[in-house]
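Below: the structure, in C-alpha coordinates.
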There are 2 protein chains.
Amino acid sequence: MIEGSPLILVVNDDGITSPGIKSLIKVAKEFGEVIVVAPDKPQSGMGHAITLDAILSINEMEIEGVKAYACSGTPVDCVKIAVNKILKRKPDLILSGINHGSNSSINVIYSGTMSAALEGSLEKIPSVGFSLLSHSIDANFSAAQHYARLIIKQLITKPSPEGICLNVNIPNVPQELISGMKVCRQAIANWEEEYDERTDPMGRTYYWLTGKFVIDDEGEDTDEWALKNNYISIVPVQSDITNHKIINDIKHLENA
Amino acid sequence: MIEGSPLILVVNDDGITSPGIKSLIKVAKEFGEVIVVAPDKPQSGMGHAITLDAILSINEMEIEGVKAYACSGTPVDCVKIAVNKILKRKPDLILSGINHGSNSSINVIYSGTMSAALEGSLEKIPSVGFSLLSHSIDANFSAAQHYARLIIKQLITKPSPEGICLNVNIPNVPQELISGMKVCRQAIANWEEEYDERTDPMGRTYYWLTGKFVIDDEGEDTDEWALKNNYISIVPVQSDITNHKIINDIKHLENA
(Lines give C-alpha, C1' and ligand atoms only; values in the text may rest on other atoms or scores of the structure.)
Protein backbone atom coordinates (compact mmCIF):
# COMPACT_ATOMS: atom_id res chain seq x y z
CA MET A 1 0.00 0.00 0.00
CA ILE A 2 1.45 3.36 -0.99
CA GLU A 3 0.36 6.64 0.65
CA GLY A 4 -0.14 9.78 -1.45
CA SER A 5 0.79 10.16 -5.12
CA PRO A 6 3.43 7.56 -5.93
CA LEU A 7 6.82 8.28 -7.45
CA ILE A 8 7.45 5.45 -9.92
CA LEU A 9 10.86 4.55 -11.36
CA VAL A 10 10.74 2.75 -14.72
CA VAL A 11 13.79 0.77 -15.88
CA ASN A 12 14.46 -2.03 -18.38
CA ASP A 13 17.24 -4.01 -20.01
CA ASP A 14 16.33 -3.69 -23.69
CA GLY A 15 17.45 -0.07 -23.67
CA ILE A 16 15.70 3.26 -23.30
CA THR A 17 14.46 3.34 -26.92
CA SER A 18 12.72 -0.05 -26.89
CA PRO A 19 8.96 -0.32 -27.58
CA GLY A 20 8.50 -2.33 -24.36
CA ILE A 21 9.58 0.48 -22.04
CA LYS A 22 7.25 2.93 -23.78
CA SER A 23 4.31 0.56 -23.17
CA LEU A 24 5.21 0.40 -19.48
CA ILE A 25 5.67 4.17 -19.10
CA LYS A 26 2.17 4.71 -20.53
CA VAL A 27 0.65 2.47 -17.86
CA ALA A 28 2.83 3.82 -15.03
CA LYS A 29 1.74 7.41 -15.82
CA GLU A 30 -1.83 6.51 -14.88
CA PHE A 31 -0.71 5.98 -11.27
CA GLY A 32 1.68 8.79 -10.36
CA GLU A 33 4.83 10.70 -11.23
CA VAL A 34 7.12 8.65 -13.47
CA ILE A 35 10.89 8.95 -13.93
CA VAL A 36 12.74 6.69 -16.37
CA VAL A 37 16.35 5.62 -15.89
CA ALA A 38 17.31 2.98 -18.40
CA PRO A 39 20.37 1.72 -20.28
CA ASP A 40 21.44 3.76 -23.32
CA LYS A 41 21.85 0.49 -25.28
CA PRO A 42 20.45 -3.06 -25.15
CA GLN A 43 21.60 -4.93 -22.04
CA SER A 44 19.78 -8.26 -22.32
CA GLY A 45 21.37 -11.14 -20.44
CA MET A 46 23.33 -8.79 -18.17
CA GLY A 47 22.05 -10.50 -15.03
CA HIS A 48 23.05 -8.72 -11.83
CA ALA A 49 26.13 -7.11 -13.43
CA ILE A 50 27.28 -3.75 -12.08
CA THR A 51 29.93 -1.31 -13.30
CA LEU A 52 32.84 -1.43 -10.85
CA ASP A 53 35.92 -0.47 -12.82
CA ALA A 54 34.52 2.15 -15.18
CA ILE A 55 32.62 5.41 -15.06
CA LEU A 56 28.91 5.94 -15.60
CA SER A 57 27.38 8.75 -17.59
CA ILE A 58 23.75 9.83 -17.83
CA ASN A 59 21.94 11.85 -20.48
CA GLU A 60 18.64 13.57 -19.79
CA MET A 61 15.81 13.28 -22.32
CA GLU A 62 12.06 12.90 -22.49
CA ILE A 63 10.08 9.77 -23.37
CA GLU A 64 6.29 9.59 -23.59
CA GLY A 65 6.15 13.00 -21.90
CA VAL A 66 8.13 12.02 -18.81
CA LYS A 67 11.65 12.85 -17.67
CA ALA A 68 14.09 10.12 -18.67
CA TYR A 69 17.79 9.43 -18.19
CA ALA A 70 19.82 7.21 -20.52
CA CYS A 71 22.56 5.59 -18.45
CA SER A 72 25.76 4.08 -19.83
CA GLY A 73 25.62 1.21 -17.32
CA THR A 74 23.74 -2.03 -16.73
CA PRO A 75 20.10 -2.36 -15.61
CA VAL A 76 21.25 -2.76 -11.97
CA ASP A 77 23.45 0.35 -12.31
CA CYS A 78 20.35 2.22 -13.51
CA VAL A 79 18.46 1.36 -10.33
CA LYS A 80 21.41 2.19 -8.07
CA ILE A 81 22.14 5.56 -9.68
CA ALA A 82 18.43 6.44 -9.90
CA VAL A 83 17.76 5.73 -6.22
CA ASN A 84 21.04 7.09 -4.86
CA LYS A 85 21.75 10.04 -7.16
CA ILE A 86 19.09 11.06 -9.67
CA LEU A 87 15.80 10.93 -7.75
CA LYS A 88 15.04 13.59 -5.17
CA ARG A 89 13.25 11.03 -2.96
CA LYS A 90 13.06 7.26 -2.68
CA PRO A 91 10.63 5.92 -5.30
CA ASP A 92 7.48 4.19 -4.07
CA LEU A 93 7.54 1.58 -6.82
CA ILE A 94 10.01 0.27 -9.39
CA LEU A 95 8.74 -1.18 -12.66
CA SER A 96 11.10 -2.97 -15.03
CA GLY A 97 10.34 -3.84 -18.65
CA ILE A 98 8.21 -4.60 -20.45
CA ASN A 99 10.89 -7.04 -21.55
CA HIS A 100 10.92 -8.43 -25.08
CA GLY A 101 11.09 -12.19 -24.36
CA SER A 102 10.50 -14.57 -21.46
CA ASN A 103 12.13 -14.27 -18.05
CA SER A 104 10.41 -17.31 -16.59
CA SER A 105 12.13 -20.21 -14.85
CA ILE A 106 15.97 -20.18 -14.87
CA ASN A 107 15.95 -17.21 -17.28
CA VAL A 108 15.36 -15.03 -14.22
CA ILE A 109 19.00 -15.26 -13.15
CA TYR A 110 20.33 -14.14 -16.55
CA SER A 111 17.79 -11.37 -16.91
CA GLY A 112 18.77 -7.71 -16.64
CA THR A 113 15.06 -6.84 -16.37
CA MET A 114 14.60 -9.00 -13.29
CA SER A 115 17.97 -8.11 -11.77
CA ALA A 116 16.93 -4.44 -11.91
CA ALA A 117 13.70 -5.33 -10.10
CA LEU A 118 15.58 -7.43 -7.54
CA GLU A 119 17.96 -4.53 -6.93
CA GLY A 120 14.93 -2.35 -6.26
CA SER A 121 13.67 -4.79 -3.66
CA LEU A 122 17.13 -4.75 -2.00
CA GLU A 123 16.49 -1.03 -1.53
CA LYS A 124 13.23 -2.13 0.17
CA ILE A 125 11.15 -0.68 -2.67
CA PRO A 126 8.30 -2.82 -4.09
CA SER A 127 9.50 -3.85 -7.55
CA VAL A 128 8.02 -5.70 -10.50
CA GLY A 129 9.59 -6.97 -13.70
CA PHE A 130 7.26 -7.54 -16.66
CA SER A 131 8.15 -9.69 -19.67
CA LEU A 132 6.16 -10.52 -22.78
CA LEU A 133 6.88 -13.87 -24.44
CA SER A 134 7.70 -12.31 -27.80
CA HIS A 135 10.93 -11.00 -29.29
CA SER A 136 9.15 -9.42 -32.26
CA ILE A 137 9.74 -5.72 -32.79
CA ASP A 138 6.02 -5.57 -33.65
CA ALA A 139 4.93 -7.38 -30.49
CA ASN A 140 1.51 -6.36 -29.17
CA PHE A 141 1.91 -5.13 -25.60
CA SER A 142 -1.77 -4.40 -24.95
CA ALA A 143 -2.55 -7.53 -22.90
CA ALA A 144 0.69 -7.04 -20.97
CA GLN A 145 -0.33 -3.44 -20.29
CA HIS A 146 -3.76 -4.52 -19.09
CA TYR A 147 -2.38 -6.98 -16.54
CA ALA A 148 0.47 -4.64 -15.53
CA ARG A 149 -2.23 -2.11 -14.69
CA LEU A 150 -4.07 -4.61 -12.47
CA ILE A 151 -0.90 -5.61 -10.61
CA ILE A 152 0.33 -2.04 -10.11
CA LYS A 153 -3.09 -1.05 -8.79
CA GLN A 154 -2.98 -3.83 -6.20
CA LEU A 155 0.53 -2.91 -5.05
CA ILE A 156 -0.52 0.70 -4.64
CA THR A 157 -3.83 0.08 -2.89
CA LYS A 158 -3.23 -3.06 -0.81
CA PRO A 159 -0.58 -3.99 1.79
CA SER A 160 2.34 -6.12 0.51
CA PRO A 161 5.32 -7.78 2.19
CA GLU A 162 8.25 -5.31 2.57
CA GLY A 163 10.55 -5.22 -0.44
CA ILE A 164 8.24 -7.45 -2.46
CA CYS A 165 9.68 -8.34 -5.86
CA LEU A 166 7.58 -9.95 -8.58
CA ASN A 167 8.61 -11.66 -11.79
CA VAL A 168 5.62 -11.31 -14.12
CA ASN A 169 5.59 -13.10 -17.48
CA ILE A 170 2.84 -12.62 -20.04
CA PRO A 171 1.98 -15.22 -22.71
CA ASN A 172 2.09 -13.89 -26.26
CA VAL A 173 -1.60 -14.42 -27.05
CA PRO A 174 -4.51 -12.02 -27.60
CA GLN A 175 -5.93 -10.70 -24.34
CA GLU A 176 -9.20 -12.64 -24.69
CA LEU A 177 -7.26 -15.94 -24.65
CA ILE A 178 -5.48 -15.20 -21.35
CA SER A 179 -6.80 -17.55 -18.65
CA GLY A 180 -5.99 -15.22 -15.72
CA MET A 181 -3.07 -14.77 -13.33
CA LYS A 182 -1.24 -17.44 -11.29
CA VAL A 183 1.12 -16.88 -8.37
CA CYS A 184 3.72 -19.61 -8.80
CA ARG A 185 7.26 -20.78 -8.29
CA GLN A 186 10.19 -20.73 -10.71
CA ALA A 187 10.19 -23.99 -12.73
CA ILE A 188 13.32 -26.13 -12.68
CA ALA A 189 14.76 -25.87 -16.17
CA ASN A 190 18.03 -25.21 -17.93
CA TRP A 191 19.55 -24.32 -21.28
CA GLU A 192 21.38 -26.92 -23.35
CA GLU A 193 23.87 -24.69 -25.08
CA GLU A 194 25.39 -25.08 -28.46
CA TYR A 195 28.04 -22.85 -29.97
CA ASP A 196 27.79 -21.98 -33.62
CA GLU A 197 31.40 -21.93 -34.85
CA ARG A 198 32.37 -19.52 -37.66
CA THR A 199 35.48 -18.03 -39.24
CA ASP A 200 36.06 -14.28 -39.47
CA PRO A 201 37.53 -12.55 -42.56
CA MET A 202 41.00 -12.85 -40.98
CA GLY A 203 40.64 -16.63 -40.67
CA ARG A 204 40.09 -16.65 -36.91
CA THR A 205 37.43 -18.79 -35.25
CA TYR A 206 34.59 -17.16 -33.33
CA TYR A 207 31.41 -18.41 -31.67
CA TRP A 208 27.73 -17.51 -31.29
CA LEU A 209 25.81 -18.85 -28.32
CA THR A 210 22.66 -20.77 -29.23
CA GLY A 211 20.70 -23.25 -27.19
CA LYS A 212 17.61 -25.19 -26.37
CA PHE A 213 15.48 -24.57 -23.29
CA VAL A 214 14.80 -27.83 -21.42
CA ILE A 215 12.17 -27.98 -18.68
CA ASP A 216 12.85 -30.57 -16.01
CA ASP A 217 9.74 -29.95 -13.92
CA GLU A 218 6.20 -31.34 -14.26
CA GLY A 219 4.78 -29.23 -11.42
CA GLU A 220 1.48 -27.45 -11.99
CA ASP A 221 2.58 -24.77 -9.51
CA THR A 222 5.34 -23.46 -11.79
CA ASP A 223 5.61 -20.43 -14.05
CA GLU A 224 6.21 -22.67 -17.06
CA TRP A 225 2.96 -24.55 -16.45
CA ALA A 226 1.07 -21.29 -16.03
CA LEU A 227 2.45 -19.79 -19.24
CA LYS A 228 1.82 -22.98 -21.23
CA ASN A 229 -1.79 -22.76 -20.10
CA ASN A 230 -2.08 -19.09 -21.09
CA TYR A 231 -1.92 -17.74 -17.55
CA ILE A 232 0.11 -14.69 -16.58
CA SER A 233 2.77 -16.07 -14.20
CA ILE A 234 3.66 -14.12 -11.05
CA VAL A 235 6.70 -15.43 -9.16
CA PRO A 236 7.81 -13.64 -5.99
CA VAL A 237 11.61 -13.53 -5.95
CA GLN A 238 14.31 -12.66 -3.42
CA SER A 239 18.07 -12.41 -3.18
CA ASP A 240 18.98 -15.15 -0.69
CA ILE A 241 20.49 -17.93 -2.82
CA THR A 242 21.58 -20.05 0.15
CA ASN A 243 20.62 -23.67 -0.39
CA HIS A 244 19.10 -23.93 3.10
CA LYS A 245 17.93 -27.52 2.53
CA ILE A 246 21.44 -28.98 2.35
CA ILE A 247 23.18 -26.95 5.09
CA ASN A 248 22.91 -29.81 7.59
CA ASP A 249 23.86 -32.46 5.00
CA ILE A 250 27.24 -30.87 4.34
CA LYS A 251 28.28 -30.00 7.91
CA HIS A 252 30.96 -32.72 7.56
CA LEU A 253 32.90 -30.30 5.36
CA GLU A 254 33.75 -28.39 8.56
CA ASN A 255 35.84 -31.34 9.71
CA ALA A 256 37.86 -31.76 6.53
CA MET B 1 32.55 -38.55 -4.85
CA ILE B 2 34.33 -38.64 -8.19
CA GLU B 3 35.43 -41.90 -9.84
CA GLY B 4 38.80 -42.14 -11.60
CA SER B 5 41.15 -39.23 -12.30
CA PRO B 6 39.09 -36.04 -12.27
CA LEU B 7 38.91 -33.48 -15.06
CA ILE B 8 38.86 -30.09 -13.34
CA LEU B 9 37.78 -26.84 -15.01
CA VAL B 10 39.24 -23.69 -13.46
CA VAL B 11 37.55 -20.33 -14.10
CA ASN B 12 37.50 -16.90 -12.44
CA ASP B 13 36.27 -13.34 -12.88
CA ASP B 14 39.46 -11.36 -12.26
CA GLY B 15 40.82 -12.47 -15.62
CA ILE B 16 43.16 -15.20 -16.78
CA THR B 17 46.32 -13.33 -15.76
CA SER B 18 45.35 -12.70 -12.13
CA PRO B 19 47.48 -14.08 -9.25
CA GLY B 20 44.37 -15.69 -7.69
CA ILE B 21 43.71 -18.06 -10.59
CA LYS B 22 47.35 -19.19 -10.59
CA SER B 23 47.06 -20.09 -6.88
CA LEU B 24 43.96 -22.15 -7.62
CA ILE B 25 45.47 -23.92 -10.64
CA LYS B 26 48.43 -25.01 -8.49
CA VAL B 27 46.09 -26.67 -5.98
CA ALA B 28 43.78 -28.16 -8.64
CA LYS B 29 46.75 -29.84 -10.38
CA GLU B 30 47.31 -32.00 -7.28
CA PHE B 31 43.96 -33.70 -7.91
CA GLY B 32 43.69 -34.40 -11.65
CA GLU B 33 43.80 -32.99 -15.16
CA VAL B 34 43.20 -29.23 -15.17
CA ILE B 35 41.89 -27.05 -18.00
CA VAL B 36 41.53 -23.29 -17.54
CA VAL B 37 38.90 -21.23 -19.35
CA ALA B 38 38.80 -17.69 -18.01
CA PRO B 39 38.00 -14.15 -19.14
CA ASP B 40 40.69 -12.37 -21.16
CA LYS B 41 40.15 -9.25 -19.02
CA PRO B 42 38.86 -8.43 -15.50
CA GLN B 43 35.13 -9.17 -15.16
CA SER B 44 34.44 -8.40 -11.51
CA GLY B 45 30.83 -7.57 -10.68
CA MET B 46 29.55 -9.21 -13.86
CA GLY B 47 27.05 -11.34 -11.92
CA HIS B 48 25.27 -13.89 -14.10
CA ALA B 49 25.77 -11.88 -17.30
CA ILE B 50 26.05 -13.80 -20.57
CA THR B 51 26.93 -12.66 -24.08
CA LEU B 52 23.77 -12.79 -26.19
CA ASP B 53 24.20 -10.21 -28.93
CA ALA B 54 27.89 -10.48 -29.65
CA ILE B 55 30.45 -13.09 -30.65
CA LEU B 56 32.86 -14.92 -28.40
CA SER B 57 36.48 -15.62 -29.21
CA ILE B 58 38.94 -17.86 -27.41
CA ASN B 59 42.74 -17.88 -27.42
CA GLU B 60 44.74 -20.92 -26.38
CA MET B 61 47.70 -20.49 -24.05
CA GLU B 62 49.41 -22.19 -21.11
CA ILE B 63 49.34 -21.15 -17.44
CA GLU B 64 51.20 -22.92 -14.66
CA GLY B 65 51.89 -25.77 -17.08
CA VAL B 66 48.26 -26.48 -17.96
CA LYS B 67 46.21 -25.81 -21.09
CA ALA B 68 44.30 -22.53 -20.79
CA TYR B 69 41.84 -20.59 -22.93
CA ALA B 70 41.34 -16.83 -22.64
CA CYS B 71 37.72 -16.09 -23.53
CA SER B 72 36.34 -12.71 -24.60
CA GLY B 73 33.13 -13.26 -22.62
CA THR B 74 31.91 -13.16 -19.04
CA PRO B 75 32.69 -15.72 -16.31
CA VAL B 76 29.37 -17.52 -17.05
CA ASP B 77 30.21 -17.53 -20.78
CA CYS B 78 33.51 -19.20 -19.87
CA VAL B 79 31.73 -22.07 -18.13
CA LYS B 80 29.18 -22.49 -20.92
CA ILE B 81 31.74 -22.53 -23.73
CA ALA B 82 34.13 -24.74 -21.73
CA VAL B 83 31.50 -27.38 -20.98
CA ASN B 84 29.69 -27.24 -24.33
CA LYS B 85 32.53 -26.60 -26.78
CA ILE B 86 36.10 -26.69 -25.51
CA LEU B 87 36.25 -29.74 -23.21
CA LYS B 88 36.22 -33.21 -24.71
CA ARG B 89 34.16 -34.53 -21.79
CA LYS B 90 32.05 -33.07 -18.99
CA PRO B 91 34.35 -31.90 -16.18
CA ASP B 92 34.07 -33.64 -12.81
CA LEU B 93 34.59 -30.45 -10.85
CA ILE B 94 34.53 -26.70 -11.50
CA LEU B 95 36.66 -24.39 -9.38
CA SER B 96 36.26 -20.62 -9.62
CA GLY B 97 38.69 -18.05 -8.25
CA ILE B 98 40.57 -17.55 -6.12
CA ASN B 99 38.78 -14.22 -6.19
CA HIS B 100 40.49 -11.05 -5.02
CA GLY B 101 37.92 -9.72 -2.51
CA SER B 102 34.91 -10.98 -0.58
CA ASN B 103 31.90 -12.69 -2.13
CA SER B 104 30.08 -13.22 1.16
CA SER B 105 26.50 -12.21 1.89
CA ILE B 106 24.70 -10.18 -0.81
CA ASN B 107 27.97 -9.84 -2.77
CA VAL B 108 27.26 -13.34 -4.07
CA ILE B 109 24.65 -12.06 -6.53
CA TYR B 110 27.00 -9.46 -8.07
CA SER B 111 29.94 -11.84 -8.23
CA GLY B 112 31.20 -13.22 -11.51
CA THR B 113 33.25 -15.77 -9.56
CA MET B 114 30.16 -17.20 -7.89
CA SER B 115 27.96 -16.92 -10.98
CA ALA B 116 30.50 -19.06 -12.83
CA ALA B 117 30.30 -21.65 -10.04
CA LEU B 118 26.49 -21.49 -10.02
CA GLU B 119 26.46 -22.01 -13.79
CA GLY B 120 28.59 -25.11 -13.24
CA SER B 121 26.06 -26.48 -10.80
CA LEU B 122 23.27 -25.84 -13.35
CA GLU B 123 25.23 -28.25 -15.56
CA LYS B 124 25.01 -30.67 -12.61
CA ILE B 125 28.76 -30.42 -12.00
CA PRO B 126 29.98 -29.93 -8.40
CA SER B 127 31.30 -26.37 -8.30
CA VAL B 128 33.09 -24.21 -5.78
CA GLY B 129 33.93 -20.50 -5.79
CA PHE B 130 36.82 -19.38 -3.58
CA SER B 131 37.35 -15.77 -2.50
CA LEU B 132 40.04 -14.24 -0.32
CA LEU B 133 39.10 -11.12 1.64
CA SER B 134 41.90 -9.02 0.16
CA HIS B 135 42.09 -6.86 -2.94
CA SER B 136 45.87 -6.44 -2.65
CA ILE B 137 47.90 -7.48 -5.67
CA ASP B 138 50.37 -8.91 -3.13
CA ALA B 139 47.71 -10.88 -1.25
CA ASN B 140 48.94 -14.08 0.36
CA PHE B 141 46.91 -16.98 -1.01
CA SER B 142 48.59 -19.74 1.01
CA ALA B 143 45.86 -20.15 3.67
CA ALA B 144 43.22 -20.03 0.93
CA GLN B 145 45.14 -22.73 -0.95
CA HIS B 146 45.36 -24.91 2.15
CA TYR B 147 41.61 -24.83 2.77
CA ALA B 148 40.77 -25.12 -0.94
CA ARG B 149 42.82 -28.33 -0.90
CA LEU B 150 40.80 -29.72 2.04
CA ILE B 151 37.45 -28.90 0.42
CA ILE B 152 38.41 -30.25 -3.01
CA LYS B 153 39.64 -33.47 -1.40
CA GLN B 154 36.29 -33.95 0.34
CA LEU B 155 34.32 -33.34 -2.85
CA ILE B 156 36.45 -35.86 -4.70
CA THR B 157 36.48 -38.58 -2.05
CA LYS B 158 33.05 -38.28 -0.36
CA PRO B 159 29.47 -38.28 -1.71
CA SER B 160 27.86 -34.83 -2.15
CA PRO B 161 24.37 -33.67 -3.18
CA GLU B 162 24.03 -33.52 -7.00
CA GLY B 163 25.10 -30.22 -8.49
CA ILE B 164 26.42 -28.97 -5.17
CA CYS B 165 27.66 -25.39 -5.34
CA LEU B 166 29.72 -23.83 -2.56
CA ASN B 167 30.58 -20.21 -1.87
CA VAL B 168 33.81 -20.31 0.11
CA ASN B 169 35.24 -17.11 1.59
CA ILE B 170 38.60 -16.96 3.33
CA PRO B 171 39.51 -14.32 5.94
CA ASN B 172 42.65 -12.36 5.13
CA VAL B 173 44.69 -13.51 8.13
CA PRO B 174 47.72 -15.79 8.49
CA GLN B 175 46.81 -19.46 8.37
CA GLU B 176 47.59 -20.04 12.06
CA LEU B 177 44.90 -17.52 13.04
CA ILE B 178 42.11 -19.25 11.08
CA SER B 179 39.60 -20.78 13.51
CA GLY B 180 38.39 -23.51 11.13
CA MET B 181 35.56 -23.88 8.60
CA LYS B 182 31.85 -23.11 9.12
CA VAL B 183 28.97 -24.19 6.88
CA CYS B 184 26.59 -21.23 7.03
CA ARG B 185 23.92 -19.18 5.33
CA GLN B 186 24.26 -15.92 3.39
CA ALA B 187 23.94 -12.99 5.84
CA ILE B 188 21.28 -10.37 5.15
CA ALA B 189 23.18 -7.25 4.16
CA ASN B 190 23.22 -4.57 1.51
CA TRP B 191 25.29 -1.80 0.01
CA GLU B 192 24.50 1.84 0.69
CA GLU B 193 25.72 3.35 -2.54
CA GLU B 194 27.16 6.75 -3.14
CA TYR B 195 28.12 8.17 -6.49
CA ASP B 196 31.27 10.26 -6.70
CA GLU B 197 30.43 13.01 -9.22
CA ARG B 198 33.21 14.39 -11.44
CA THR B 199 33.64 16.46 -14.58
CA ASP B 200 35.50 15.21 -17.63
CA PRO B 201 37.90 17.37 -19.71
CA MET B 202 34.97 18.23 -22.03
CA GLY B 203 32.91 19.57 -19.11
CA ARG B 204 30.54 16.60 -18.94
CA THR B 205 29.50 15.02 -15.66
CA TYR B 206 30.36 11.41 -14.92
CA TYR B 207 30.07 9.11 -11.89
CA TRP B 208 32.02 6.49 -9.98
CA LEU B 209 30.16 3.96 -7.85
CA THR B 210 31.27 3.87 -4.22
CA GLY B 211 29.46 2.51 -1.21
CA LYS B 212 29.34 1.20 2.29
CA PHE B 213 28.51 -2.41 3.16
CA VAL B 214 25.80 -2.58 5.85
CA ILE B 215 25.05 -5.86 7.64
CA ASP B 216 21.47 -6.20 8.83
CA ASP B 217 21.84 -9.61 10.45
CA GLU B 218 23.04 -10.60 13.94
CA GLY B 219 22.84 -14.35 13.26
CA GLU B 220 25.74 -16.52 14.35
CA ASP B 221 24.90 -18.94 11.53
CA THR B 222 25.89 -16.47 8.79
CA ASP B 223 28.93 -16.12 6.58
CA GLU B 224 29.57 -12.62 7.94
CA TRP B 225 29.70 -13.91 11.51
CA ALA B 226 32.03 -16.72 10.48
CA LEU B 227 34.42 -14.40 8.65
CA LYS B 228 34.43 -11.85 11.48
CA ASN B 229 35.48 -14.67 13.80
CA ASN B 230 38.25 -15.81 11.46
CA TYR B 231 36.41 -18.87 10.17
CA ILE B 232 36.37 -19.90 6.52
CA SER B 233 32.70 -19.54 5.48
CA ILE B 234 31.11 -22.22 3.30
CA VAL B 235 27.63 -21.33 1.99
CA PRO B 236 25.83 -23.85 -0.25
CA VAL B 237 24.05 -21.89 -3.00
CA GLN B 238 21.44 -22.67 -5.66
CA SER B 239 19.60 -20.95 -8.49
CA ASP B 240 15.98 -20.97 -7.33
CA ILE B 241 15.28 -17.38 -6.28
CA THR B 242 11.55 -17.93 -5.71
CA ASN B 243 10.47 -16.38 -2.42
CA HIS B 244 8.62 -19.54 -1.39
CA LYS B 245 7.67 -18.10 2.01
CA ILE B 246 5.35 -15.44 0.60
CA ILE B 247 3.67 -17.40 -2.23
CA ASN B 248 0.54 -18.00 -0.15
CA ASP B 249 0.48 -14.43 1.20
CA ILE B 250 0.19 -12.91 -2.25
CA LYS B 251 -2.36 -15.28 -3.81
CA HIS B 252 -4.84 -12.38 -3.75
CA LEU B 253 -2.95 -10.90 -6.71
CA GLU B 254 -4.57 -13.61 -8.84
CA ASN B 255 -7.95 -11.95 -8.29
CA ALA B 256 -6.91 -8.44 -9.24
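The table below gives the values:
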item	result
Residue within segment A:173-191 that is in a helix (DSSP H, G or I) and among the hydrophobic types (A, V, I, L, M, F, W, C) present	yes
Residues located in segment A:119-141, provided they are assigned to a strand (DSSP E or B) and either more than 16 Å from A:PRO75 (Cα to Cα) or touching a residue at least 40 places away in the same chain (Cβ under 8 Å) (or both)	A:VAL128, A:PHE130, A:LEU132
Looking only at segment A:230-253, and only at residues there that are more than 8 Å from chain B (Cβ to nearest Cβ) and assigned to a strand (DSSP E or B), the one that is surrounded by the fewest Cβ atoms within 10 Å (Cβ to Cβ)	A:TYR231
Residues that are facing another protein chain (nearest Cβ under 9 Å) and surrounded by fewer than 11 Cβ atoms within 10 Å (Cβ to Cβ), drawn from segment A:193-203	A:GLU197, A:ASP200
Segment A:220-229 - residue that is over 20 Å from A:SER111 (Cα atoms) and acidic (Asp, Glu) and, of those, nearest to the other protein chains (Cβ to nearest Cβ)	A:ASP221
The one condition in (1) surrounded by 24 or more Cβ atoms within 10 Å (Cβ to Cβ); (2) in a helix (DSSP H, G or I); (3) over 11 Å from the mean Cα position of the chain (by Cα); (4) touching a residue at least 40 places away in the same chain (Cβ under 8 Å) that A:MET114 fails to fulfil	(3)
Looking only at segment B:82-111, and only at residues there that are aliphatic (A, V, I, L, M) and part of a helix (DSSP H, G or I), the one that is farthest from the chain's Cα centre (by Cα)	B:ILE86
Criterion (among the small types (Gly, Ala, Ser), within 11 Å of chain B (Cβ to nearest Cβ), surrounded by fewer than 16 Cβ atoms within 10 Å (Cβ to Cβ) and touching a residue at least 40 places away in the same chain (Cβ under 8 Å)) met by exactly one of A:GLY180, A:GLY211	A:GLY180
Segment B:192-228: number of residues that are basic (Lys, Arg) and part of a strand (DSSP E or B)	2
Selection within segment A:30-80 - more than 20 Å from A:PRO19 (Cβ to Cβ), touching a helix residue (DSSP H, G or I) at 6+ places or on another chain (Cβ under 7 Å), more than 9 Å from chain B (Cβ to nearest Cβ) and part of a loop (DSSP other than H, G, I, E, B)	A:PHE31
Filter result for the condition that a residue is touching a strand residue (DSSP E or B) at 6+ places or on another chain (Cβ under 8 Å), touching a residue at least 12 places away in the same chain (Cβ under 8 Å) and surrounded by 14 or more Cβ atoms within 10 Å (Cβ to Cβ), over A:ALA256, A:ALA187	A:ALA187
Flag for A:PHE130 being away from chain B (no Cβ under 12 Å), at pLDDT 95 or above and closer than 26 Å to A:LYS85 by Cβ	yes
Residue, surrounded by the fewest Cβ atoms within 10 Å (Cβ to Cβ), within segment B:52-67, restricted to residues that are over 13 Å from A:TYR207 (Cβ atoms) and among the β-branched types (Val, Ile, Thr)	B:VAL66
Residue in segment A:214-229 that is crowded, with 19+ Cβ neighbours inside 10 Å, more than 23 Å from A:ALA139 (Cβ to Cβ) and within 18 Å of the chain's Cα centre (by Cα) present	yes
Pairs, first within 19 Å of B:ASN190 (Cα to Cα) in segment A:83-101, second at pLDDT 95 or above and basic (Lys, Arg), C-beta under 7 Å, six or more apart	A:VAL83/A:LYS90
Subset of segment B:155-177 [modelled with pLDDT of 95 or more, in contact with a Ser or Thr (Cβ under 8 Å, 6 or more places away or on another chain) and facing chain A (nearest Cβ under 10 Å)]	B:ILE164, B:CYS165, B:LEU166, B:ASN167, B:VAL168
Test: B:GLY47 is under 16 Å from the mean Cα position of the chain (by Cα), crowded, with 24+ Cβ neighbours inside 10 Å and on the phi > 0 side of the Ramachandran plot	yes
Some residue of segment A:81-92 being closer than 22 Å to B:ILE109 by Cα, at the interface with chain B (Cβ under 10 Å from one of its Cβ atoms) and buried (at least 21 other Cβ atoms within 10 Å of the Cβ)	yes
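The values are calculated or read from the model by the stated rules, or taken from the named source; none is laboratory data. In this text, all values refer to a predicted model and were calculated from it rather than measured experimentally. Cβ atoms come from the backbone with ideal geometry, glycine included; neighbour counts cover every protein chain shown.
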